[in-house]
Amino acid sequence: MKQIASFNIARLRVEEDFGFLKLVASETGNLPPAEENRPEELSMSASAPATLTASVATFKNAVDTFDDALKDSATVPSTALAAEADTARDNAWRAANNYLKAMAAHPTESLRRTATEFKTLFDKYGDPTSLPQTEESGILHNLLQDLKAIGNGKLSTIAFEAWLTHLESCETSFLAAVSQRTEEEAARQVGIVKETRQAADAAYRSLAGLVNALAVVNGDETYVTFIDRVNVIIDRQKTVLKARQTNGNKRKEDDERPPVIG
């Protein structure tokens, strides 16, 4: 008697779980149709009982709700604020860099030397505005530290205080926006996404249990295609989990292995 294999989907990562459920949902077309949708040439025994039709609908709706939650979690209210703050710090860096470039050509030699000293630091770290946000933050942190280390006296000599303050303020605003975005994303992740995942997982378990029960009571002939295809999906996921566990155990062994002293 064919049966859907037992599988603990709670072990899957969030996106893996959704992918698994989505694949199973696509296979529900291989289940017998509801009686009202049954082609006339099929016998009555080939139509799905109302309980199975309802279970399939509940499962698909739960997967769709899970999908919507995942999509919503990618865009939270502070995302736009973080994007604006990122643009502001990019513009602040470019403006400060351009100012120093102009001052490095100042007619007064002492001002040229001071401006060049600051401009050398900008050139040292390069233009960070096209880099990933985290990498840009790291570069700006180092740049700001080096600029401050030169001293307020030289800052005031070329009137660079306002440019430096503005750049630092923009970076601080960006970090605050990112922090807020992270909190919102985390809250949504453990909130709506978690709830909708649990509901979708429960709907899957309910559907799998019902199909297995119907296969026992009515025979597996009309369910065998669905069962076989779902088992293939389960086998793939089990292989992924097994490989992950093997790799994790190997890393743990490497971490625990005593260092080789030459």
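The values are calculated or read from the model by the stated rules, or taken from the named source; none is laboratory data. Every value quoted in this text rests on a predicted model; they were computed, and no experiment measured them. All Cβ positions, glycine included, derive from the backbone under ideal geometry; neighbour counts span all protein chains shown. Ligands, DNA and RNA are excluded from the accessible area calculation, which covers all protein heavy atoms including side chains. Shrake-Rupley method; radii C 1.70, N 1.55, O 1.52, S 1.80 Å.
What pairs in LYS22/LYS194; LYS71/LYS238; LYS124/LYS154 have C-alpha atoms more than 22 Å from each other?
Exceeds cut-off: LYS71/LYS238.
Could you tell me how many cubic angstrom of Cα convex hull volume segment 124-242 has per residue?
168 Å³
Using a 1.4 Å probe on the protein chains only, how many percent of the accessible area of segment 108-174 belongs to carbon and sulfur?
Using a 1.4 Å probe with all protein chains present, segment 108-174 comes out at 51 percent carbon and sulfur.
Please report, in debye to the nearest 20, how large the charge dipole of segment 109-155 is about its Cα centre when each Lys and Arg carries +1 at its beta carbon and each Asp and Glu carries -1 there.
260 debye
Is segment 120-166 rounded, prolate or oblate when judged by the Cα gyration tensor, a ≥ b ≥ c being the square roots of its eigenvalues, rounded requiring a/c under 1.5 and prolate requiring a/b larger than b/c?
prolate
Report the net charge of residues surrounding ALA92, where surrounding means a beta-carbon distance below 10 angstrom and charges are Lys +1, Arg +1, Asp -1, Glu -1.
-1
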